[in-house]
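Asker: Structure below; questions to follow.
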Amino acid sequence: MTALHKFSLKKRCCTFVTVLIFVLLTLCSHTGHTQAFEIYSTLTSGATTPGKKTTVPAPDSLGQPADSLILDTIPPGPRIDTFSLRISKDTLDAPVQYHADDSAVLLIKDKRFLLYGNTKTTYKDVVLTAPRVDIDQQTNILTAYNSVDSLGNTITRARFQQGEQGFDSDTIRYNFKTQKGLTLNTYTKQDEMFVNAQLIKKVNANTTFARRVTMTTCEYDHPHFGFVGNKGKFITDQVAVTGPIHPEFEGVPVPVYLPFGIFPLKRGRHSGLLPPQFTANEQLGLGLEGLGYYHVLNDYFDVTIRTNIYSYGAWTANITPTYRKRYRYNGSFNLAIQRTKYSFKGDPDYQLVKTFNVNWSHSVDPRARPGTMFSASVNAGSTRHNEYIPNNPYRNFQNQLTSSIAYSKNWIGKPFSLTLSANHTQNNATRVVNVILPDAGFTVTTLYPFQKKEIVGTPKWYEKIGVGYSGVARNMLSFYDTAANNFDKLLDTLLWGAQHRFPINMALPPLGPLLIAPSISYEQTWLTSRFERRWNAVDKKVDTIAARKGVFIDQQMSFGIGMNTNIYGLKQFGSRGLVAIRHVMRPNISFNYKPNLSKGNYDVIQVDTFGRTQAMPQFQGNLFSGYGYGKFGGLSFGLDNNLEAKWWGKKMDTTKKIRLIDGFGFSSAYNFLSDSLKLQPFNLYLRSTLFEKVSLTAQALLDPYEKGPFG
């Protein structure tokens, strides 16, 4: 027993020393003090990678690495795995979407997909609709078929659409990968031209080739006319080119062949020749009308030139530029030059007339520049131009031509407004032309000069005094188109004038139900010609002894104070049918005084052999007329009425207001300063609307000094 458990002091001491050394090494090493998050840190540039040797710096005295940037303290992020995926060359780069109303059949062994009943297949910008579709997944070829009835007539064709290009066919074969296709019996539209081809091959998105092609502008499947060629090439939105081509009418070929055909297919506006049409005129001979050229300068401007040529030597030319800018303005201009020649020299009916005409229209979008407006409508030219336009009776008998160019501006936030215009009128029968240039008007709305900027409390009476202004200035030239006019002769016909108005008004506080409004008005007119007349006792007539030109002023002033009120009357009847009738009376009365400021502008002379005198105005033949003769100091009065009824309807179970008479009444005046006939005639009036649709107006004049039919 003692031999089995023999104690060896030497072995046990060696074992104890060995364990103690390993414990001390573990406690003294840096790993024993490493934090948990440092263990899971990602690799840095100092980390060891397979196949490469990396030297780690020795730790410093604190137990940290010499280069502290080597340790990364960011927690571990998500791991991203990368791999290489190889895609088959036959795979499409976009999904193919399909729809079928009837059914869809997938043949797994043949890798084919069959669609039935109003199908729709979409791939990128390609949309194909057809009654039946067969898709071969191995070749990426789609075949679409039409549907026919029992007699073989086509019911529905297959439809191919790619962008703006589309066509209908009996059969369509299309390769999704190469984007090439083949169609049978195809109908398509290129710009304004219809194309039918027995066989079409699409080689890319913009180019197609056709065999046995018919090009026409007739929209029927079997066109009445067209140009037929054996082969052709189409470049979308550019041009169509064919080989030898000939026309057909009702399917019958015409033996007139051309070596090739070129048909422009550009969409939108593009330059090109305008074809003429043949015509025959008894006075002008044979001719070509409408021959011209259309040219696009840019997106905002284009020009059309057309001409008519006749065998007797007459011709016309029209130059028509148009311009436009969206949300700003648009307009057109036309210059027509006409050379009319009837018969030949030496003939009794020979005529040679040269005329012209100008048309211009311009309009501005009111939202472009708020407060500013410009418009033009011009129709002017030779007075005999319309007379020689062939085959246009309306223009031949249009004798009155007018033009207007207007500009207006309103200052936003200010009481000012300005209008400038140029106007023109001409009578082709009398050949008189009137030009008003310029015609200017300036207006200042009512201003209150004594009103405070900040109103506090009840305003004073003088704060309600309002002053306004309106002025008009005008020039006019008149001449005959038949005369040899030059600048000096035109100045002799020049007329000009101006007119100014200064209204002053004031609103006084109401006196109970009465509203009182005093007013003062001053007007002044500038005129350019003046006549003086005298009685010729020898010839016993009135003679004009002087006609002077210059600047003359006529003026007028008036004062007044007016009062008006409303008087209401109501008559009630019941709660059924006619409920009530309301009568409103609006009496008004005003006291006015107007001095005779124009007394010096009238000649009070004898006008007949009986010795009667009359005030003859000196200002005649001016753009503005002078003011009236005499003074007025009197009373103006009037009464306005209206009747309304209230009706209860059984069907609607509500009351309805009915206007019986919109207005009826009278107005007149009494002049205290007149020598005789002081009471002015009475103006009677009535206004009404029947059934809210028919307007009725009646007026009458009652003279209190005129004797009646019975004396």
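The values are calculated or read from the model by the stated rules, or taken from the named source; none is laboratory data. Not measured: the values here are computed from a predicted model. Here the Cβ is made from the backbone with ideal geometry for all residues, glycine too, and neighbour counts use every protein chain on show. Protein only, heavy atoms only, side chains kept; ligands, DNA and RNA dropped before computing areas. Shrake-Rupley method; radii C 1.70, N 1.55, O 1.52, S 1.80 Å.
Asker: Quick one: what are the phi-derived ³J(HN,Hα) couplings along region 318-334, Karplus 6.51/-1.76/1.60 with θ = phi - 60°, whole Hz, x for glycine and proline?
Answerer: Values per residue, Gly and Pro as x: 10, 10, 10, x, 10, 9, 7, 8, 4, 6, 10, 7, 7, x, 8, 9, 9 Hz.
Asker: On average, how much area does the Cα convex hull of region 363-473 cover when viewed from any direction, in nm²? Don't skip to the answer; put the middle values down first.
Answerer: On the way: hull surface 44.5 nm².
Seen from a random direction, the Cα hull of region 363-473 projects 11.1 nm² on average.
Asker: Using Cα centres only, tell me the gap between region 601-664 and region 432-490 in whole Å.
Answerer: Computed from Cα coordinates, the inter-centre distance equals 25 Å.
Asker: So what are the radius of gyration and Dmax for the Cα set of region 568-662, in Å?
Answerer: Calculated on Cα positions, Rg and Dmax stand at 26.6, 77 Å.
Asker: Could I ask something else about it? Between rounded, prolate and oblate, where does region 252-411 land on the alpha carbon gyration tensor, with a ≥ b ≥ c its root eigenvalues, rounded for a/c under 1.5, else prolate if a/b exceeds b/c? If you can, show how the numbers build up before the last one.
Answerer: Details: a/c = 3.43, a/b = 1.27, b/c = 2.70.
Here region 252-411 falls in the oblate category.
Asker: If the only charges are +1 at each Lys and Arg Cβ and -1 at each Asp and Glu Cβ, what is the size of the charge dipole of the chain around the Cα centre, to the nearest 20 debye? Don't jump to the answer; show the numbers that get you there.
Answerer: Details: 78 positive and 53 negative charges, 362 e Å.
Taking the Cα centre of the chain as origin, the dipole is about 1740 debye.
Asker: Okay, moving on. For region 638-705, which whole-number percentage of the solvent-accessible area (1.4 Å probe, protein heavy atoms only) is attributable to carbon and sulfur atoms?
Answerer: Numbers: 2910 of 4950 Å².
Percent of accessible area from carbon and sulfur atoms in region 638-705: 59.
Asker: What number, in percent, do you get for the relative contact order of the chain if the mean sequence gap of Cα pairs under 8 Å and at least 6 apart is divided by its residue count?
Answerer: On the way: 1570 pairs, mean separation 25.2, N = 711.
Relative contact order here is 4 percent.
Asker: A further question on this structure: Classify region 665-711 from the C-alpha gyration tensor, please: rounded if a/c falls under 1.5, else prolate or oblate depending on whether a/b exceeds b/c. If you can, show how the numbers build up before the last one.
Answerer: Working: a/c = 6.67, a/b = 2.12, b/c = 3.15.
Taking the square roots of the gyration eigenvalues as a ≥ b ≥ c, region 665-711 is oblate.
Asker: Want the number for K325 to Q451: 0.36 nm per residue separation, take away the alpha-carbon distance, what's left?
Answerer: Values: separation 126, 0.36 × 126 = 45.36 nm, distance 4.55 nm.
Length difference between fully extended and current span is 40.8 nm.
Asker: What is the sum of charges, Lys and Arg at +1 and Asp and Glu at -1, for the other residues whose Cβ falls under 12 Å from the Cβ of R431?
Answerer: Values: positive: R384; negative: E387, D481.
Neighbourhood net charge equals -1.
Asker: Right, next: Students often check this: by mean Cβ neighbours within 10 Å, which of 292-299, 438-445, 506-513 ranks highest, and how do the rest follow?
Answerer: Ranking, from highest mean packing down: 438-445, 292-299, 506-513.
Asker: Given R₀ = 25 Å, what would the calculated FRET efficiency be for F666 paired with K707, taking r from the Cβ atoms and rounding to 0.05? All intermediate terms of the calculation are to be shown ahead of the outcome.
Answerer: Numbers: r = 20 Å, r/R0 = 0.82.
Step by step, r from the Cβ atoms, then E = 0.75.
Asker: First measure r as the distance between the Cβ atoms of M563 and D299, then evaluate 1/(1 + (r/R0)^6) with R0 = 60 Å and state the FRET efficiency to the nearest 0.05.
Answerer: Details: r = 64 Å, r/R0 = 1.07.
E(calc), rounded to 0.05, equals 0.40.
Asker: So, one more: List the trypsin sites (Lys or Arg not before Pro) in region 274-367 that DSSP assigns to loop (not H, G, I, E or B) and whose Cβ has at most 16 other Cβ atoms within 10 Å. Which are they? Working shown, then result.
Answerer: Values: sites: R306, R324, K325, R326, R328, R339, K341, K345, K354, R367; in loops: R326, R328, K345, R367.
Hits after loop and neighbour filter: R326, R328, K345, R367.
Asker: Once Rh is set to the Kirkwood radius over Cα pairs, what Stokes-Einstein translational diffusion coefficient, in µm²/s, holds for the chain at a temperature of 4 °C and a viscosity of 1.567 mPa s? Don't skip to the end; give the middle numbers.
Answerer: Working: Rh = 39.9 Å.
My calculation gives 32 µm²/s for D.
Asker: Just grab the label-to-label distance for A440 and S147, each label 7 Å out from Cα along the Cβ direction, in nm (one decimal).
Answerer: For the pair A440/S147, the computed spacing is 7.6 nm.
Asker: Quick one: go through region 281-317 and flag any residue whose amide nitrogen is under 15 Å from the point 7 Å out along the Cα-to-Cβ line of R339.
Answerer: Zone members listed by number: 307-317.
Asker: Could you tell me which of rounded, prolate or oblate describes region 128-252, using a ≥ b ≥ c as the square roots of the eigenvalues of the alpha-carbon gyration tensor, with rounded for a/c under 1.5 and, failing that, prolate when a/b is larger than b/c and oblate otherwise?
Answerer: Judged from the Cα gyration tensor, region 128-252 comes out oblate (a/c at least 1.5, b/c at or above a/b).
Asker: Further question: Scan region 421-515 for trypsin sites (Lys or Arg not before Pro) in coil per DSSP, keeping those whose Cβ has at most 15 other Cβ atoms within 10 Å, and list them by number.
Answerer: Working: sites: R431, K452, K453, K460, K464, R474, K489, R501; in loops: R431, K452, K453, K460.
Here the sparse-neighbourhood loop sites are K452, K453, K460.
Asker: Let me ask another. Would you give the gap between the C-alpha center of region 326-357 and the C-alpha center of region 196-258, rounded to a whole Å?
Answerer: 41 Å
Asker: Of the heavy-atom accessible surface of region 473-562 (probe 1.4 angstrom), what whole percent is carbon and sulfur?
Answerer: Details: 3470 of 5520 Å².
C and S fraction of accessible area: 63 percent.
Asker: Continuing with this model, one more query. What is the dipole size for region 577-683, taken about its Cα centre, with +1 at each Lys and Arg Cβ and -1 at each Asp and Glu Cβ, in debye to the nearest 20? Before the final figure, lay out the partial values.
Answerer: Values: 13 positive and 7 negative charges, 135 e Å.
Roughly 640 debye, rounded to the nearest 20.
Asker: Now, a different point. What net charge do the residues around T383 carry, taking every other residue with its C-beta under 9 Å from that of T383, with Lys and Arg at +1 and Asp and Glu at -1?
Answerer: Numbers: positive: R384, R431; negative: E387, D481.
Charge balance in the 9 Å sphere: 0.
Asker: Say a site is exposed when it is one of the GluC sites (Glu not before Pro), sits in a DSSP loop, and has at most 11 other Cβ atoms within 10 Å; what is then the longest site-free stretch of the chain? Walk me through the intermediate numbers first.
Answerer: Values: sites that count: E164, E192, E219, E250, E282, E454, E692, E706.
Formally, the longest exposed-site-free interval is 455-691.
Asker: Here is a follow-up. How much FRET efficiency would the formula 1/(1 + (r/R0)^6) give for D102 and D221, where r is the Cβ-Cβ distance and R0 is 35 Å, rounded to 0.05?
Answerer: Rounded to the nearest 0.05, the efficiency is 0.85.
Asker: Given labels modelled 7 Å from the Cα in the Cβ direction, how far is it in nm from S478 to N427?
Answerer: Each label point lies 7 Å from its Cα, and together they span 1.0 nm.
Asker: Please compare each pair in K111/K201; K571/K693; K111/K180; K111/K189; K409/K549; K571/K707 to a cut-off of 29 Å on the Cα-Cα distance and tell me which ones are over it. List each step's numbers first, then the result.
Answerer: Values: K111/K201 25 Å; K571/K693 27 Å; K111/K180 21 Å; K111/K189 35 Å; K409/K549 34 Å; K571/K707 39 Å.
Result: K111/K189; K409/K549; K571/K707 exceed 29 Å.
Asker: Which value does Rg/Rh take for region 472-617 over its C-alpha atoms, Rh per Kirkwood? Walk me through the intermediate numbers first.
Answerer: Working: Rg = 26.6 Å, Rh = 21.4 Å.
In region 472-617, Rg relative to Rh is 1.24.
Asker: On full extension of the chain, what length is gained from T178 through N596, given 0.36 nm per residue of separation minus the C-alpha to C-alpha distance? The partial results should precede the final answer.
Answerer: Numbers: separation 418, 0.36 × 418 = 150.48 nm, distance 9.81 nm.
The T178-N596 span can extend by a further 140.7 nm.
Asker: Can you compute 3J(HN,Hα) from phi for each residue in region 195-200, using the Karplus curve 6.51 cos²θ - 1.76 cosθ + 1.60 with θ = phi - 60°, rounded to whole Hz and x for Gly and Pro?
Answerer: Computed from phi, the couplings for region 195-200 are 10, 10, 9, 5, 9, 10 Hz.
Asker: For region 213-308, what is the convex hull (Cα atoms) projected area averaged across all directions, in square nanometres? Each step should come with its number before you reach the end.
Answerer: Working: hull surface 35.3 nm².
Mean shadow area of the hull around the Cα atoms is 8.8 nm².
Asker: Tell me the mean residue ellipticity at 222 nm calculated for the chain from its helices only (DSSP H runs of n ≥ 4, each -39500 (n - 2.57), averaged over every residue, nearest 500).
Answerer: Working: 4 runs with 34 residues, N = 711.
Taking each H run of at least 4 residues, the total per residue is -1500 deg cm²/dmol.
Asker: Here's something else I'd like to know. Stretched out fully, how many nm does the piece from T654 to L677 gain, at 0.36 nm a residue minus the Cα gap?
Answerer: Numbers: separation 23, 0.36 × 23 = 8.28 nm, distance 5.42 nm.
Roughly 2.9 nm would be gained on extension.
Asker: Could you give each residue of region 396-409 its phi-based ³J(HN,Hα) in whole Hz, using Karplus coefficients 6.51, -1.76, 1.60 with θ = phi - 60°, and x for Gly or Pro?
Answerer: Running phi through 6.51 cos²θ - 1.76 cosθ + 1.60 with θ = phi - 60° gives 4, 10, 8, 9, 9, 10, 9, 9, 7, 10, 10, 9, 9, 9 Hz.
Asker: At 1.4 Å probe radius, can you tell me the per residue accessible area of the chain in Å²? Write down the numbers at each step before the final one.
Answerer: On the way: 47610 Å² over 711 residues.
For the chain, the per-residue accessible area is 67 Å².
Asker: Can you list residues whose amide H is under 5 Å from S271's amide H, if they're 5+ apart or on another chain and H is modeled 1.01 Å from N?
Answerer: Those lying under 5 Å, H to H, from S271 are V296.
Asker: Now for a separate question. Can you check what the net charge comes to around F682, using other residues whose Cβ is under 14 Å from the Cβ of F682 (Lys, Arg +1; Asp, Glu -1)?
Answerer: Numbers: positive: K678; negative: D640, D703, E706.
With Lys, Arg at +1 and Asp, Glu at -1, the neighbours total -2.
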